[in-house]
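Down below is the structure, laid out as structure tokens.
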Amino acid sequence: MANNPYLFAGPYILLFFVFIVLPVATSMALSLTDFNSFTFPPNFIGLRNYVSILTEDNLFMQRVLPNTINFALIVGPVSYILAFLLAWMLAQISPIPRAVLALIIYSPTMTAGVALRVVWGTLFSGYQDGYVNSFLLQTGLIVEPIQFLQSPEYLFGIMVLVSIWGSMGVGFLAMLAGILNINAEMYEAAYVDGLRNRYQEIIYVTIPSMRPQMLFGAVMSILGTFQAGAIGVELSGYNPTPNYAGQLLVNHMDDYGFIRFQMGYAAALAVILLLIIYAVSRFVWRVLGEPEDA
């Protein structure tokens, strides 16, 4: 009994089933129904929700999906590259300053929900005492305060900025650990073989030696980017966001699920989001994963 591997894997399998498999299966089942959270049982309608999303939901096709893709294409790669560069730079300094700076860089991830309204709300406040408005007024660049968080013209860009600021999470820590665990003899051997500068060191030694951490960081970046949704709502205070400028797929799902109470439709949106994340993750796995794992 003590050597039974299933005994040790049992708790993980149970938690995985309860918190991953069961919710996904429930969401897929609800996506095939017309369910408004008040009437039970849900009315089975097949693929009608998916057909409606792709053919009738103009907001989804014209604003939500483009916003989500643009947001992911900007925030995902930028935060991923920035996480690697910061991790690499921290690895070059002594342990105590490295630990302090790593904590400072990682801390926005832990406080992002609170800091969104406190820090960024104050910074981009639409009143004249907001830091950005105050600076622009004092320098004469504007004559009246700008409603940054209520303006479709500025909201999306601020969302991108805030997302990058708070994106140094566990992926960043994994990359830092990966760099610190690279054997120094590999660098010495590479320089003996003709390595000439730090750029070649990163390309030919550092990145290949920490491929698992790079893959983990990429997956975490994908998950965080596509699952982002509270940012626009927290900043603007509204769902939907002003003129749908910051409306992402998660916001659209919350709108139908918790405001309109169309849970079946929201579940279909959740399944579409799951498929998008899976497809992108598989692509990243093929690019960064080991050849035999791809």
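A few comments on the model shown:
- Per-bin percent of Cα-Cα distances, segment 53-104 [5 Å]: 4, 17, 15, 12, 10, 10, 8, 7, 7, 5, 3, 1
- Taken along its principal axes, the alpha carbon cloud of segment 58-288 reaches lengths of 62, 50, 26 Å, longest axis first.
- Overall dimensions of segment 1-140 by Cα: Rg and Dmax, Å: 24.2, 77
- For the chain, size of Cβ-based charge dipole, Lys and Arg +1, Asp and Glu -1, in debye: 100
- Annotation note: chymotrypsin sites (Phe, Trp or Tyr not before Pro) in segment 36-128 located in DSSP loop regions with a Cβ neighbour count of at most 11 within 10 Å are PHE38, TYR127.
- Estimated FRET transfer efficiency (ALA99, ASN197; beta-carbon r; R0 30 Å; 0.05): 0.60
- Ellipticity estimate at 222 nm from DSSP helix runs (n ≥ 4, -39,500 (n - 2.57)) divided over the chain, nearest 500: -19000 deg cm²/dmol
- Inverting the pair-averaged 1/r between distinct Cα atoms of segment 1-49 gives 13.2 Å as its Kirkwood hydrodynamic radius.
- Amide proton proximity set for ASP34, modelled H, under 5 Å, gap of 5+: ASN43, PHE44, ILE45
- Helix runs (DSSP H) in the chain reaching 24 Å along axis by Cα, Kyte-Doolittle at least -0.5: 65-91, 95-115, 263-288
- Cα-based Kirkwood hydrodynamic radius, segment 155-294, one decimal, Å: 17.7
- Cα centroid separation, segment 161-228 to segment 41-69 (Å): 38
No lab work stands behind these numbers, since they all come straight from the coordinates. Not measured: the values here are computed from a predicted model. Cβ sites come from the backbone with ideal geometry, for glycine too, and all protein chains shown count toward neighbours.
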